[in-house]
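Read-outs: derived from the displayed coordinates by stated rules, not from any lab. These numbers were taken from a predicted model, which means no experiment stands behind them. Every residue, glycine among them, receives a Cβ derived from its backbone with ideal geometry; neighbour counts consider all protein chains shown.
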Amino acid sequence: MKSAFTSKISYFILTFIMLIITASFLFSGYDKFSLGGGKNVATVDGTPVTIREYQAALGRQLDFYSQMLGGKSLTQKQIEEMGIKQSIVNGLIQQKLITNAANSMGLVVSLDEIKNEIKNLQYFKRNEQFDVSLYRNALQQNGYSPSQFEDLIANDLKQKKVDELFTATLISDNYVNDVLNFKNSSVNVSAIKISRQALAPLISVSEQEIKDFIAKPENKKTLESAYAENKAKYNKPEEVKARHILIKGDDQKALEKIKAIKAKVNTKNFSTIANKETEDASGKSNGGDLGWFGAGRMVPEFEKTAFAMKQGQISEPVKTEFGYHIIYVEDKKAAISQKLEDVQSELARLSIQKTKAQDLDQLLKSEQDRISNLLKENKLSDLESLQKTVGAQFFKNTDVNQFDQTIGQLLLSPKEAEDIFKGKMNDTLNFGNAGTIFLVKINSPLTVADKKAADQLNTEKSAQNQAFSRKVREELLKNLNNKAKIVTNPAII
């Protein structure tokens with residue numbers, strides 16, 4: 001039900017090749033996004049992106065999210081916030097760019113190829129045999145003539161042929177060997193990086209300084225601006241952290257089943273029983289976990305019950321449009337509503353700390369010396385605490401290879417990487433400057449791995465081919481996009 005747009009938000013619309021027609025939409029009678037009229041959503045060098053194509057892609061994507069949410073549809077607000085409609089249009093424009101490129105390259109799809117592709121579509125088969133009447137009826141019901149549908153299949157096959165050009169073997173064995181050698185030759189390090197400004201909260205500020213700052217009229221706008229930037233922090237609605245077990249249906253059988261489950265669940269076994277009993281697909285692997293949610297995220301009946309419960313309570317069966325639920329409220333957060341007057345002392349302190357340049361410079365120097373000593377003495381637990389207090393980026397016992405030249409998420413400059421690979425055991429390297437502490441301790445120097453087996457070479461070769469193909473696709477689309485005349489119709493979107 002939750003399966004939020006967080007963990008699976010990277011969706012397939014923007015992948016390079018996507019079917020123009022998907023049978024799951026084609027035969028669903030989907031019409032709730034009907035836009036009417038004869039206008040196009042966009043044109044690419046005169047080639048139209050039709051309303052029908054847009055409807056199909058949008059319908060597929062919204063059905064995809066609905067399945068993730070256990071049958072619940074996205075709201076219009078969620079659709080807008082996630083930019084789904086514009087992403088759909090961008091994906092369709094990419095398709096047209098590739099189709100036009102295929103035509104200009106002289107890629108031809110034969111009639112036999114089109115026929116074979118259609119005959120192999122499961123949606124036109126009865127008893128595993130292509131059924132002409134089923135094919136014609138399906139097209140008629142969805143407003144397609146055979147020639148129109150064959151054109152769509154032909155365009156899709158052209159795109160596949162272009163894709164096959166990219167997936168051909170492009171990387172040599174020697175290159176792959178070099179990549180593997182670089183990847184398997186590594187230095188083990190511990191590193192920490194802290195910005196100068198991140199240290200500001202450690203600067204001491206007296207109560208008198210805060211009072212004087214607030215009293216000055218010229219600081220009023222500074223405080224108002226700081227409050228506006230942090231308004232979400234100081235004003236939060238009530239939130240609930242909950243799990244649920246769903247039994248679909250609204251009949252007596254579903255009610256009896258949920259009652260039987262309610263009789264045996266408690267706070268200790270709720271997660272285990274949810275994995276076994278819930279009919280919410282997204283909850284079968286996480287114990288029915290819904291995480292934290294505020295008002296407006298769940299259907300009214302569910303939300304009303306959840307917010308009325310106390311922490312640690314398990315509800316009686318609750319009926320919604322999805323079926324019957326049992327709700328377990330694990331935790332609650334009260335609403336927060338703080339005005340500027342309530343938090344101005346905190347905002348004043350932060351503002352003063354940022355202005356104490358000389359104090360910050362001294363603190364940066366003293367912290368750098370302290371951290372350097374901790375690294376040398378291998379007191380890494382003391383450094384880990386800095387991740388919470390000042391948001392330090394800390395990487396303990398991390399391998400740095402010559403190919404990626406990164407420490408965790410930190411991208412090294414060529415000079416920094418060179419110094420690390422030349423370093424000796426227990427060396428502490430200082431890559432910091434006036435605005436940053438960046439220290440790297442070498443735990444073990446560069447080691448070169450043995451020659452890798454054939455299966456590792458093949459795996460790496462496949463990975464490098466895919467990476468290279470993606471890059472070629474990106475560059476091709478960029479060039480095509482720059483040269484093409486693309487006109488979109490915002491009014492329709």
Quiz item: In the range 203-258, which GluC sites (Glu not before Pro) are in a loop and have at most 13 other Cβ atoms within 10 Å, using DSSP for the loop call?
Solution: GLU238
Exercise. Treat every Asp and Glu Cβ in the chain as -1 and every Lys and Arg Cβ as +1, leave all other atoms uncharged, and give the resulting dipole magnitude about the Cα centre to the nearest 20 debye.
Key: 620 debye
Exercise. Sort ARG473, ARG243, ARG126 so that the residue with the fewest other Cβ atoms within 10 Å of its own Cβ comes first and the one with the most comes last.
Key: ARG126, ARG473, ARG243
Practice problem: Only Lys, Arg, Asp and Glu count, each charged at its Cβ (+1, +1, -1, -1), so figure out the dipole size of the range 238-334 about its Cα centre, rounded to 20 debye. | Solution: 320 debye
Quiz item: Which whole-angstrom value gives the distance between the alpha carbon centres of the range 401-421 and the range 239-290?
Solution: 49 Å
Self-check item: the chain: relative contact order in percent, alpha carbon pairs under 8 Å with at least 6 residues between
Solution: 23 percent
Practice problem: Please grab the % of Cα pairs in the chain that end up more than 31 Å from each other. | Solution: 68 percent
Quiz item: For LEU477, what is the net charge nearby, where nearby means another residue's Cβ is under 12 Å from its Cβ and Lys, Arg count +1, Asp, Glu -1?
Solution: +4
Quiz item: Rounded if a/c is under 1.5, else prolate if a/b beats b/c, else oblate: with a ≥ b ≥ c from the C-alpha gyration tensor eigenvalues square-rooted, which is the range 329-387?
Solution: oblate
Practice problem: Please name whichever of THR398, ILE273, SER285 sits farthest to the positive end of the charge dipole of the chain, dipole taken about the Cα centre and charges placed at Cβ: Lys and Arg +1, Asp and Glu -1. | Solution: ILE273
Quiz prompt | For the chain, calculated [θ]222 nm from helices alone, where every DSSP H run of n ≥ 4 adds -39500 (n - 2.57) | solution = -15500 deg cm²/dmol
Quiz item: What number comes out for the charge environment of ALA191, summing +1 per Lys or Arg and -1 per Asp or Glu over other residues with Cβ under 14 Å away?
Solution: -1
Exercise. Using only the alpha carbons, work out the radius of gyration and Dmax of the range 36-158 in angstrom.
Key: 16.8, 46
Practice problem: Quote the Stokes-Einstein diffusion coefficient, in whole µm² s⁻¹, for the range 238-334, based on the Kirkwood radius over alpha carbon pairs, a temperature of 37 °C and a viscosity of 0.692 mPa s. | Solution: 251 µm²/s
Quiz item: Over the range 318-470, what is the mean sequence separation of C-alpha contacts under 8 Å (at least six apart), divided by residue count, expressed as relative contact order in percent?
Solution: 13 percent
Quiz item: Along the charge dipole of the chain, Cβ charges K/R +1 and D/E -1, which of GLN358, THR47, PHE213 sits furthest on the positive end?
Solution: PHE213
